[in-house]
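**Student:** Before anything else, here's the structure in question.
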Amino acid sequence: MKTKWKKKMEPYLFLAPLLIVIIVFLLIPIIKAAIMSFQYYYIAKPSADGNYFVGLENYTKVLSDEYFYNSVKVTALYILVTVLGRYLIGFGTAMLLNTKFLGRGLARALVIIPWAIPEVVACLVWILMYDQDYGVINYLLNHAGILSRNIAYLQDPGIALPAAMAVNIWKGFPFVAVMLLAGMQSVSSELYEAADIDGASGWQKMRYITIPSIKPVSSIVFLLLIIWTIKDYAIAYVLAKGGPSRATEILTIYVQQTGFRYFDFGKAAAAGMLMLLISLVFTYGYFKLLNRGEAVH
Amino acid sequence: MRESKSKKFIVILLTILVCIFALFPFAWMLSTSFKPAEEVYSTPRFIPENPTLEGYTKMITTQTSTFDFMKWAGNSAVVSLLTTLFSMVIAALGGYGLSRFRFRGKSTLTYVILTTQVLPGSLLIIPLYIIMGNLGILDSKFGLVLAYATFSVPFCTWMMKGFFDTIPISLEEAATVDGSGRLRVFATIVLPLTVPGLIATGLFSFITGWNEYLFASTFMKSYENWTLPMGIASFQGQYTTDWGTLMAGSVLITIPVVILFLTLQKHLVGGMTAGAVKQ
């Protein structure tokens, strides 16, 4: 009897620590955030009645805030451009590194360095390189004849967002390259040999062998890129503090600033919950797409 | 595969371009870290005219009421190592449980773990700030490690599950028939086979702790509890002039992570593909 009970409890012995972490550090905080989003939680002006319930007031405050819509727009653009940029450069790099040539091992090691550099440090170097007067980027572009004046990349509202995107793409493409390369290397070389015998062109081999073979890795990489970018904070914040004129204020910065700069935790929680909703809808749709793709094959 | 010579030339040329793109900022960081201040504020040159180690000595030895690089380095090391230890133990046990057992609520748990990947840190910091404040662990290294567990544990568990899935179950069955307890079988037979997985999760959680900025900058109020990313970021606002010193500090922060990455990258990639692709 005793051993049978012991056997039944076995899974929970292994899973208990994980369950505790998930419940204490994830479920409880999320529930707490959900409750806060319906409460008066303005830290700068505490009410005598405590954190009383205000219904949907926090949500209406967020939804009537033009800066919220601005941050949604900035986030969408930021995700679209950086995910595509990282994917395309990463894919190209993986294709290059999947070809045999002398020094390939060295190139593989060097290419992953941006991934390894801490975000904050990476931003500091780029701030220096983007400097209007002494930055190396202005210097090089002026000497190459591409620019005829110095640009203030991070201070110009029209350029700050693309400048932040460039840093994000630079930092993120090695991850894509390394993952796709791992996928490409698991493709049997016999497939390519057979294609060679049939006289297939390089383009055809890529279109009909490489791309279908790396589809599972590709899908996961895409998913991870999107959900990581929704959560991204440090690059846009350290580079430009969300500015100038909120040009780089992605949703995460909007939520964090509403809470910890303007001290309206209720409104921040409401905005955060909306953000979570957007990413959940997105993830759900993506999983659906993935499953459908698998059903076809 | 036969490749024509010109094609190979183009491949190598493009690879060199990609490598320059990838490496240039790092190289520029290194170069600037050896420049005296007046060289930073003149025409940019790659090789410093009068190279100096002043930036490094200044970064390491300066101790003021709001600046202490070595203290922050110590904090970062403690926080990263504890995050690693914590995540690895829980992820190894949990990943094994998810991989081997059938139990009620398994699919729900799997779904919850996947969903945690989507939770934005900027949403979590709001309730965590209040909860940690009530528990009195705001502005403490211990509290920061627990906060890092929120994203490091689920991801590491998922990676470990992928690794356990690749180990044939028959190995354990033989040992269980012998009468060894499950935990013992796990520790003596299964775990040694997943060393690459443990390295991958360890590397992932160490780097998470070492690089993280949002949680650290929100929770850690007093400067003596700061970690390196916060410390170095504060330096940029305060002393905008001293780029040589700032870059010297940046090099010091980056070197440990780059070394870890270069030596262990195979395991990390293996871990991510094993955990992420096989569902």
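**Student:** Given a Förster distance of 35 angstrom, what is the FRET efficiency for A:Ser64 paired with A:Tyr284, based on the Cβ-Cβ distance and rounded to 0.05?
**Tutor:** Details: r = 27 Å, r/R0 = 0.78.
FRET efficiency, A:Ser64 to A:Tyr284: 0.80.
**Student:** Which whole number gives the average, over all residues in A:134-142, of C-beta atoms from other chains lying within 10 Å of the residue C-beta? Could the numbers behind the result be given before it?
**Tutor:** On the way: counts 7, 2, 9, 3, 1, 3, 2, 0, 0.
Partner-chain Cβ atoms within 10 Å, mean over residues of A:134-142: 3.
**Student:** With charges set only on the Cβ (+1 for Lys and Arg, -1 for Asp and Glu), what does the dipole of chain A come to about its Cα centre, in debye to the nearest 20?
**Tutor:** Working: 25 positive and 17 negative charges, 202 e Å.
That gives chain A a dipole magnitude of about 960 debye.
**Student:** Right, something else. For peptide B:13-19, what's the mean number of Cβ atoms from other chains within 10 Å of each residue's Cβ?
**Tutor:** Working: counts 1, 5, 12, 3, 1, 11, 10.
Shielding by partners across B:13-19 averages 6.
**Student:** For the charge dipole of region B:133-212, defined by +1 on Lys and Arg C-beta atoms and -1 on Asp and Glu C-beta atoms about the Cα centroid, which residue among B:Val185, B:Trp210, B:Gly136 has the Cα displaced farthest towards the positive pole?
**Tutor:** With unit charges placed on the Cβ atoms, the residue in question is B:Gly136.
**Student:** Here's a follow-up. Along the Cα→Cβ direction, 7 angstrom out, place labels at A:Lys100 and B:Leu85. What is the inter-label distance in nm?
**Tutor:** 4.8
**Student:** A further question on this structure: Among B:Arg104, A:Arg86, what is the fewest-to-most ranking by other Cβ atoms within 10 Å?
**Tutor:** Values: B:Arg104 8, A:Arg86 25.
Ascending Cβ contact count within 10 Å gives the list B:Arg104, A:Arg86.
**Student:** Name the shape class, rounded, prolate or oblate, that the alpha-carbon gyration tensor gives for region B:1-157, where a ≥ b ≥ c are the square roots of its eigenvalues, rounded holds for a/c under 1.5, and otherwise prolate holds if a/b is larger than b/c and oblate otherwise.
**Tutor:** Values: a/c = 3.07, a/b = 1.31, b/c = 2.35.
Because a/c hits 1.5 or more and a/b fails to exceed b/c, region B:1-157 counts as oblate.
**Student:** Using DSSP to call loops (not H, G, I, E or B), can you name the trypsin sites (Lys or Arg not before Pro) in region B:126-205 whose Cβ has at most 15 other Cβ atoms within 10 angstrom?
**Tutor:** Of the trypsin sites (Lys or Arg not before Pro), not one in the loops of region B:126-205 has a Cβ with at most 15 other Cβ atoms within 10 Å.
**Student:** Please say if chain A is rounded, prolate or oblate, where rounded means a/c under 1.5 for a ≥ b ≥ c the square roots of the C-alpha gyration tensor eigenvalues, and otherwise the choice is prolate for a/b larger than b/c and oblate otherwise? Before the final figure, lay out each step's value.
**Tutor:** Values: a/c = 2.27, a/b = 1.19, b/c = 1.91.
Here chain A falls in the oblate category.
**Student:** Evaluate the relative contact order of chain A (contact order divided by residue number), counting alpha-carbon pairs under 8 angstrom at least 6 apart; express in whole percent.
**Tutor:** Details: 290 pairs, mean separation 85.6, N = 297.
Contact order relative to length: 29 percent.
**Student:** Looking at the square roots a ≥ b ≥ c of the eigenvalues of the Cα gyration tensor of chain B, which shape do they give, rounded for a/c under 1.5, prolate if a/b is larger than b/c, or oblate?
**Tutor:** Values: a/c = 2.52, a/b = 1.41, b/c = 1.78.
Judged from the Cα gyration tensor, chain B comes out oblate (a/c at least 1.5, b/c at or above a/b).
**Student:** Report, as an integer, the average count of C-beta atoms from other chains found within 10 Å of each Cβ along B:108-121. Write down the numbers at each step before the final one.
**Tutor:** Details: counts 0, 4, 0, 1, 5, 3, 4, 8, 6, 7, 13, 12, 14, 7.
Going residue by residue through B:108-121 and averaging, the value is 6.
**Student:** Moving on to the next point. Can you figure out the FRET efficiency of B:Lys58 with A:Val81, using R₀ = 25 Å and their beta-carbon distance, to the nearest 0.05? Provide the component values of the computation, followed by the final result.
**Tutor:** Working: r = 39 Å, r/R0 = 1.54.
About 0.05, to the nearest 0.05.
**Student:** Okay, next question. Select from region A:11-117 those chymotrypsin sites (Phe, Trp or Tyr not before Pro) which occupy a DSSP coil region and have at most 16 other Cβ atoms within 10 Å, ordered by residue number.
**Tutor:** On the way: sites: A:Tyr12, A:Phe14, A:Phe25, A:Phe38, A:Tyr40, A:Tyr41, A:Tyr42, A:Tyr52, A:Phe53, A:Tyr59, A:Tyr67, A:Phe68, A:Tyr69, A:Tyr78, A:Tyr87, A:Phe91, A:Phe101, A:Trp115; in loops: A:Phe38, A:Tyr40, A:Tyr41, A:Tyr52, A:Phe101.
Passing sites in region A:11-117 are A:Tyr52, A:Phe101.
**Student:** Another question, then. Please report B:Met160, A:Met273, A:Met206, A:Met95 as a ranked list, fewest other C-beta atoms within 10 angstrom at the top and most at the bottom.
**Tutor:** Details: B:Met160 30, A:Met273 22, A:Met206 13, A:Met95 18.
Placing the least packed residue first, the sequence is A:Met206, A:Met95, A:Met273, B:Met160.
**Student:** If you find the alpha carbon centre of region B:66-87 and of region A:129-165, how far apart are they in angstrom?
**Tutor:** 35
**Student:** Could I ask something else about it? Listing A:Leu140, B:Leu144 from the residue with the fewest other Cβ atoms within 10 Å to the one with the most, what is the order?
**Tutor:** Working: A:Leu140 14, B:Leu144 26.
Sorted ascending by nearby Cβ count, the order is A:Leu140, B:Leu144.
Values in this text are rule-based calculations from the coordinates and carry no lab data. As the structure is a prediction and not an experimental result, all values here were calculated from the model. Neighbour counts are summed over all protein chains in view; Cβ atoms, including those assigned to glycine, are modelled from backbone coordinates with ideal geometry.
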